[in-house]
Amino acid sequence: MKIFRLANAELGKLLHRPAIYIMTAFLALALVITAFTFNPQSKSDNLTNFGTPTGSVSEAFAIFNSSTTATDSKHQLETALNSVYQDIQAFSTSESEHQNLLDSAKSVNALLTTGNANSLPEILYAFINSPTTTNRTALNNVLEATNESIRNQALRVYNYCAGLSHLNNIDYYATTSEINEIETVFLNLASAIPVNIETLSNEQIVETSENLRTSFNLSPTISKIEGFKKITIPSETITKITTDYYDNIKYQEGSDTLLTNLFEKIENFAHINGASTEKADKTELNKLITEYKNATYIAISLMQNSFNLEKAGDYSNAELKKYIGFSNYNLYNINEQITLNQHLLDKEMFHGEYRTNLNFGVLSGAEPSAYDFAFYAVQILGIIIAIFCMFFAVSITSGEFQNGTIKMVATRPYTRRKLISGKHLACYQFMGIFLLFVSIASLAIGIAMNGFTFTSHILVFNADTVLTLPDFVVFLIYLASLALNIIFYISIAFLLSTIFRSSTFALFATFLIYFFGVLFNAIASASSWLIYTPFAHLDLFKYLGNASASNGFLAINITTGANFVVSTLVLLGIIFAVQTATKIIFNKRDIA
Amino acid sequence: MEKKTEKNEKSVLRVVNLTKQYGSRNAIDRINFSIKKGEIFGFVGANGAGKSTTMKIITGLAEATSGDVFIDGKRLSNNFEKCIAQVGSMIETPLFYPYLTGFQNLKYFAKLSGSYKRSRIIEIANLVGLTGRLHEKVQNYSLGMKQRLGIAQSLLHNPKLLILDEPTNGLDANGIREIKNFLVRLAKQKGVSIMISSHILAIMESLCDTICIIDKGKIVETKTIDEIKKSCNRFGTHFIRTSKPNFAGMIIQDKFNTKARIAGDKVLFETTEKQLPNIIVELTHNKIPIYSVSEINYSLEDIYLDVIGTDNAV
Ligand SMILES: Nc1ncnc2c1ncn2[C@@H]1O[C@H](COP(=O)(O)OP(=O)(O)OP(=O)(O)O)[C@@H](O)[C@H]1O
Ligand SMILES: [Mg+2]
């Protein structure tokens, strides 16, 4: 194919440029630095550590079983599980904060409006009609009562707002601005009443009372509070969550729950090997304790996440974002966690000896292996490769326009379409060679550092399907996803080079878009409109777990409410559109 | 219809009503010409006349606003690859990858043409006189060396049609002669058609079969060198320089029955060598001071200036 001939000639030229050797050396150096900074948490870090170097197994068991303060002791784990359970129970039984807010707002309003014999206006008129000392005292008392009621109410709203960060306190969907508005009304009201009424003259008292009466009508505020949609979870649902992830799991002597069974295993082991002071036996005991711990945390996570999912109701991610307490909500991540943990629970996989993308590159969950380093290294070096690719794309396009050599090429028997396609292909090959180099080199370094272990890799695809794949396959998928990332930026570089024809300008514009993308990742990750930008769809690997193919430096790591199919189509569509535009512009404009 | 095809086959390059607009200005305006096999076609015109523009369109670097280019009978716009494969070109200053050697540059272009042969590159380098410096980086080349390399790259794939835009730019006297001889050989022995533009009219006169004069985007004259020489004679064969050109002209016309033409202090007229002494005697007799008498040697330059006028600077 002629396009391949073009690409090969393009790459052949590259071998004569010093830049390529500098790039290679730079990558090699970066790889070495990465190797030094790689510090994975190993499997032994995950294990509990009960017992002393000289102590016996039964001593270690005793600490786990009876200590109320030791981290990961049975008592501590039970406390953690219980507290989540109690939160959920509290939600289903507690008096609604929403109702409280509404009731006291109504009571304050009643004090300010006519009709009620004890209300401010009635007492005020009585005082104006007959300004006796008795009536003055009555007015004083009403004002004081009103003042106190308003202060209490303002405080309630204030406290409520302050406590909003804790999700469990929320029992209705309200936006920050709505709550702020209500708070402001009450705070204004509170400040409108002087603190010390006794010292005021009769005229001042009348004026203050008149002011309060005419300025404050709380009805709009009340209707606003009434308008809040209450969060409701059917009691059957609460029951199901607590049955599945608490009642059937919690430790209970004599029962057949999960934690009871796991505890019995520990107890049996401690009973049989109690006298042993061997390190191996204590490690074995800690392995069993770790399973107990992991099972507890899986249950906690499932219970909490299922509850959170119920609280989200039928709202979408984007809708939830505006409500207080839901700003960090990501339904995709919640579903992903539930899917993974349900799988682990069903398969009784509490040993933690698997790799998962949810804590990818930091904590393998298994003994560190060559792949851990390879993933880690490619994650970092992929960014450097992407930048090299952008440089290369710009230099073979606007660089040629700038030097004028493009006319020497354009007068060869290739249509313009083939010419620009050939350049694209050359850039893909350039990327491929570097990715291959980094992959192989990092695997080799990984083998040298950590050896090679086979562990299953558990992935959650699209938040709802569990896949168990060999590391190698995951690594290839990862590379493919990274390549698509880079191809997007390559396409942008070609488009801008074709438009600007000046290397400096094209490079500047390309990097601007690139840094814009990175910045997006950092600042706009919570915005609902993110899904309408290309950046939200650049990283397909995140649909295999929480991890980004580029550590978030090439693509947005968070999920935005899209799914694998949508993002794939959008990404391919964008790349196609950008490349088509490039071809059209390159084809239409005169070269010289 | 059949006749037309036959005609197309004869001309290696045919340009029909070619127009190129930059903004509202016509850089070239309905240009027509054709070049036969083995013909050397000289393209002359003032700066900005549209020579390069025409050549850019023929080589596909620019798109015509209207009109057609046929190469070997095929329309360029729908057979780009086939047509361009027949064409070797050098448009304006040739530009190369400075970090590659001359050889590597040629190798790259040859590979693009799908016809890389080391021996062929060496052969061509020899022809353009670059052999000794071929393996040096182009960034160290002189202007003339780059020009020679430019000619070399146009020849790599044995084109049927050569489009050379001012190929003599920056060449030394030797280089010019070598290239000229070389191009003539290429045309006459190998049958390559050559379209060439240059401001050095003496070269064009001795090199080209046909001269096409373009002015402000329009073709004003297309003639063979023979035709040009013949038509030149209408101005006369001899001239005298005198302080009284009008009087002298009158006498020559009246007494010798030939047309005289006045140009400054010169009187141009047609006569024979035999008659000339009589004319001089007659003029002297009439007390007309004669400063010099000479044969007229018409050059392309005279014709060119005559056709487009001397005030034709851009
Ligand atoms: N890219 C362009 N944009 C606008 N005008 C252009 C462009 N290229 C050429 N022109 C104009 O077209 C006209 C013809 O230019 P062209 O380069 O063909 O002249 P030329 O005959 O080759 O002149 P020279 O002898 O100086 O090389 C000029 O007026 C020039 O200004
Ligand atoms: Mg020119």
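Quick notes on this one:
- Note on region B:82-92: among residues that are within 16 Å of ligand 2 (Cβ to nearest atom) and part of a strand (DSSP E or B), the one that is farthest from the other protein chains (Cβ to nearest Cβ) is B:MET90.
- Among the residues of this structure, B:ALA110 does not count as one that is within 16 Å of ligand 1 (Cβ to nearest atom) and either assigned to a helix (DSSP H, G or I) or modelled with pLDDT under 95 (or both).
- Within region A:1-15, if we keep just the residues that are aliphatic (A, V, I, L, M) and in a helix (DSSP H, G or I), the residue that is nearest to the other protein chains (Cβ to nearest Cβ) turns out to be A:ALA9.
- Within region B:43-71, considering residues that are assigned to a loop (DSSP other than H, G, I, E, B) and in contact with a Ser or Thr (Cβ under 9 Å, 6 or more places away or on another chain), the one nearest to ligand 1 (Cβ to nearest atom): B:GLY45
- Residues of region B:191-208 that are at pLDDT 90 or above, more than 9 Å from the chain's Cα centre (by Cα) and either within 16 Å of ligand 2 (Cβ to nearest atom) or more than 27 Å from B:THR65 (Cβ to Cβ) (or both): B:GLY191, B:VAL192.
- Taken together, the criteria exclude B:PHE41 from residues that are over 21 Å from the mean Cα position of the chain (by Cα), at negative phi and among the aromatic types (Phe, Trp, Tyr).
- Residue match in region B:112-126 (condition: open to solvent by 50 Å² or more (accessible area, probe 1.4 Å), under 26 Å from B:ASN169 (Cβ atoms) and within 14 Å of chain A (Cβ to nearest Cβ)): no
- So B:VAL69, is it away from ligand 2 (no atom under 16 Å from the Cβ), assigned by TED's automatic domain parsing to the domain that holds B:GLY144 and over 22 Å from A:THR405 (Cα atoms): yes
- Residue satisfying all of: in region A:16-44; without any contact (Cβ under 8 Å) to a residue 40 or more places away in the chain and touching a Leu at 6+ places or on another chain (Cβ under 8 Å); nearest to the other protein chains (Cβ to nearest Cβ) among these: A:HIS16
- Of the residues making up region B:52-69, those that are within 11 Å of chain A (Cβ to nearest Cβ), among the hydrophobic types (A, V, I, L, M, F, W, C) and in contact with a strand residue (DSSP E or B) (Cβ under 7 Å, 6 or more places away or on another chain) are B:MET55, B:ILE57, B:ILE58, B:ALA62, B:ALA64.
- Residues of region B:291-304 satisfying the condition of being open to solvent by 50 Å² or more (accessible area, probe 1.4 Å) and either part of a strand (DSSP E or B) or on the phi > 0 side of the Ramachandran plot (or both): B:TYR291, B:VAL293, B:GLU295
- Test: residue in region B:93-108 that is within 16 Å of ligand 2 (Cβ to nearest atom), assigned by TED's automatic domain parsing to the domain that holds B:VAL44, of a type outside the set (A, V, I, L, M) and touching a residue at least 40 places away in the same chain (Cβ under 8 Å): yes
- Criterion (buried (at least 22 other Cβ atoms within 10 Å of the Cβ) and in contact with a helix residue (DSSP H, G or I) (Cβ under 6 Å, 6 or more places away or on another chain)) met by exactly one of B:ILE211, B:ILE179, B:ILE163: B:ILE163
- Number of residues in region B:70-81 that are among the hydrophobic types (A, V, I, L, M, F, W, C) and within 9 Å of chain A (Cβ to nearest Cβ): the value is 1.
The values are calculated or read from the model by the stated rules, or taken from the named source; none is laboratory data. Bear in mind the structure is a predicted one, so any value in this text is a computation, not a measurement. For neighbour counting, all protein chains shown are included, and Cβ atoms are generated from backbone atoms with ideal geometry for every residue, glycine included. Note: areas computed on protein heavy atoms with side chains; ligands, DNA, RNA excluded. Shrake-Rupley method; radii C 1.70, N 1.55, O 1.52, S 1.80 Å.
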